[in-house]
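The values are calculated or read from the model by the stated rules, or taken from the named source; none is laboratory data. Small disclaimer: the values here were computed from a predicted structure and weren't measured. No Cβ is skipped: glycine too gets one built from the backbone with ideal geometry, and neighbour counts run over all protein chains shown. All accessible areas refer to the heavy atoms of the entire protein, side chains included, with ligands and DNA or RNA removed. Shrake-Rupley method; radii C 1.70, N 1.55, O 1.52, S 1.80 Å.
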Amino acid sequence: MARFKNLLLNSLLLFIGCTFALLILEVFLRIYNPFGFTVSRGEIKLIANRTYYYKIADTKTIIHTKNSLGFRGDDPGKNFKGDLTVMTVGGSTTECFYLSDDMTWPYFLGQKLSQKFKGLWLNNAGLDGHSTSGHIILMKDYISQIRPKIVLFMVGINDIETEDFRPAEKDIKSGLFYPEYNLSSIEKYLRATAKYSEISSVILNFYRNKEARARGLTHQNVQEYNSDYMKDKLKERDDNIADFEKKRIEHADLIEGEDRQEFLKHKKYLDKYEHQLETLCMISKENGIEPVFITQTSAPYRKMIGLELYNEITRKVANREKILLIDLAVELPDNAEYYYDDIHYNEEGAKKVAETIYENLYPYLTKKYPLYAL
């Protein structure tokens, strides 16, 4: 009996100690979170007025600056309401985290547009790892307050097989959040509790990062993309492309069946993705913002049927909502030298992306905002 009481007492003390430790950790993470995640407890936390320095391949330093808004680009001017204001929204392929401030495609695009339009202000609001779920929160909590005239959405790749569509369950008008508690897995429990617990939020962010790595959506070869090593990788990619095309020709009769299987695999995600795009359009239009959709690309050696399914949904919603679509997936030339890994653009790629977007956006802006044309 005494042994049982000691065991019970020790178990109780262990439980109290663990609970106390978790409370301390929760308070600590709320005061100071060292991990730098942009999503915390279901909200986006922007870091303003900060400059990051990254050494690449021991030969180059990347300078990444956040302005007073927490985005990349110039601070708003004194005549902001009267300016031709543009923002870009997307994930890592928009933020271009590992490209210097003057080497990202939004920067190049802004430089080209400023030669044709007066009062041009363009900010890069891309956030690494964010899908349309994050874009909806960003639009509601930040960009709808800033109210630029135009938002360019580069979307799709981070939504591939992504189940986290919580903002669709969030009442956009009231801001109320309705979590669905589900204890069938640790992941679903974390999704439900991350809104209220910093510990759950941190663990969930690490889990998302792990999943993104598994899908090849995180930054790879960052240390090598400016080196001789990367030149060998590009040669290897060219060989992979040739093999890929050869296999497609040899098995052409199987492609239709494979596409059908891929579609069925993504169907539930595609339905949710379509709803997310509609929500982005709704928030934009309700706040007097013109949305523009941009389809996404991947390096030629990693052509994904799945990505093209999401691009097709982007085209479908843009056509239905009667908004401008810039079909980068069709118009950007297939060239492995535009990427430093599977999906992220290097400096040459950023220039080509900006050029392609400009060719579509320039005539649209000239027609829509003729008073700003030089």
* Structure fact -> Glu348 passes all but one of the listed conditions (1) under 26 Å from Cys281 (Cβ atoms); (2) under 21 Å from the mean Cα position of the chain (by Cα); (3) open to solvent by 40 Å² or more (accessible area, probe 1.4 Å); the exception is number (1)
* Has the stretch 292-300 got at least one residue that is part of a helix (DSSP H, G or I), at pLDDT below 95 and surrounded by fewer than 22 Cβ atoms within 10 Å (Cβ to Cβ)? -> yes
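Determine whether Ala318 is assigned to a helix (DSSP H, G or I) and touching a Lys or Arg at 6+ places or on another chain (Cβ under 7 Å).
Working: assigned to a helix (DSSP H, G or I): yes; touching a Lys or Arg at 6+ places or on another chain (Cβ under 7 Å): no.
Answer is no for this residue.
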* Structure fact -> Scanning the stretch 89-109 for residues that are open to solvent by 10 Å² or more (accessible area, probe 1.4 Å) and in a helix (DSSP H, G or I) gives Asp101, Asp102, Met103, Tyr107, Phe108
* So, in the stretch 114-128, of the ones that are out of contact with any Asp or Glu (no Cβ under 9 Å at 6 or more places or on another chain) and not basic (Lys, Arg), which residue ends up surrounded by the fewest Cβ atoms within 10 Å (Cβ to Cβ)? -> Gln115
* Residues satisfying the stated conditions in the stretch 133-156, i.e. open to solvent by less than 30 Å² (accessible area, probe 1.4 Å) and in contact with a Lys or Arg (Cβ under 9 Å, 6 or more places away or on another chain) -> Ser133, Ile136, Ile137, Ile150
* **Check on Lys322, open to solvent by 30 Å² or more (accessible area, probe 1.4 Å), closer than 18 Å to Val89 by Cα and out of contact with any strand residue (DSSP E or B) (no Cβ under 7 Å at 6 or more places or on another chain)** => no
* In the stretch 291-309, is there at least one residue being small (Gly, Ala, Ser) and closer than 26 Å to Tyr142 by Cα? -> no
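Open to solvent by 20 Å² or more (accessible area, probe 1.4 Å) and outside any helix (DSSP H, G or I): does that describe Pro333? Before the answer, list the steps.
Values: open to solvent by 20 Å² or more (accessible area, probe 1.4 Å): yes; outside any helix (DSSP H, G or I): yes.
Criteria met by Pro333.
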* Selection count, the stretch 44-75, where residues are under 15 Å from Gly126 (Cα atoms) and acidic (Asp, Glu) -> 1
* Select from the stretch 99-142 the residues that are basic (Lys, Arg) and either touching a His at 6+ places or on another chain (Cβ under 8 Å) or more than 21 Å from Ser68 (Cβ to Cβ) (or both) and list them in ascending order. => Lys112, Lys116, Lys118
* Report, ordered by the first and then the second residue, all pairs with beta carbons closer than 7 Å, sequence separation of six or more or different chains, a first member in the stretch 143-157 that is in contact (Cβ under 8 Å) with a residue 60 or more places away in the chain, and a second member that is of a type in the set (S, T, N, Q) and in a helix (DSSP H, G or I). => Val151/Ser284; Met154/Thr93; Met154/Thr94; Val155/Thr132; Val155/Thr314; Gly156/Asn311; Gly156/Thr314; Ile157/Thr93
* Criterion violated by Gly77 - all others in (1) open to solvent by less than 40 Å² (accessible area, probe 1.4 Å); (2) modelled with pLDDT of 85 or more; (3) not in a loop (DSSP other than H, G, I, E, B) satisfied -> (3)
